[in-house]
1. Using R₀ = 30 Å, calculate the FRET efficiency as 1/(1 + (r/R₀)^6) where r is the Cβ-Cβ separation of LEU101 and ILE67; round to 0.05.
2. Modelling each spin label as a point 7 Å along the Cα-to-Cβ direction, I'd like the ILE32/ARG80 distance in nm, to one decimal.
3. Give a quick list of chymotrypsin sites (Phe, Trp or Tyr not before Pro) in region 65-116 that DSSP marks as loop, anything other than H, G, I, E or B, with at most 10 other Cβ atoms within 10 Å.
Amino acid sequence: MRITGHDYIQVKFAKTDCLPCPVRAQCTNSAIRPRALALLPTRELHEIQMRNRLDQQTEEWQRRYAIRAGIEATLSQNVRICGLRRTRYRGLARTHVQHVLTAMACNLTRVVGWIATPQPTHRRQPASTHSASPPLDRGRSPTESRY
């Protein structure tokens, strides 16, 4: 089988074999369909895939991906709410104006949402920078050791 320009080997299990299996919940989430697998045809491609999956567990990869996730969320919001997929005008200049106005509408929507979100009513007391000694813990006498 071919998915997005790459060849895969597809394995499908028969319903009669898969549905009564006692460990079915460990294989698939489907309630009615049997298990199906798409396997990469060569060991090299499989090793690349496994390396990529291991990389995805690192903190550095997740930090980089968080940036992309934020951008994807912004684009998705613009497509869903503001109809960014289709332009209403002909010509590059008019289309550019539509994109700028769409971005402004998205930012305005986010600012309004941020303002409308209730802020916490209790705030921490600012730390005293003039005090030379550390603050005392409640419940301890001044002569008790902190450690």
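1. Working: r = 25 Å, r/R0 = 0.84.
With R0 = 30 Å, the Cβ-Cβ based efficiency is 0.75.
2. A separation of 2.7 nm, rounded to one decimal place.
3. Working: sites: TYR65, TYR89, TRP114; in loops: TYR89.
Answer by residue number: there is no such site.
Values quoted throughout were computed directly from the atomic coordinates according to the rules given, and no laboratory measurement underlies them. Please read all numbers here as calculations on a predicted model, not as lab measurements. No Cβ is skipped: glycine too gets one built from the backbone with ideal geometry, and neighbour counts run over all protein chains shown.
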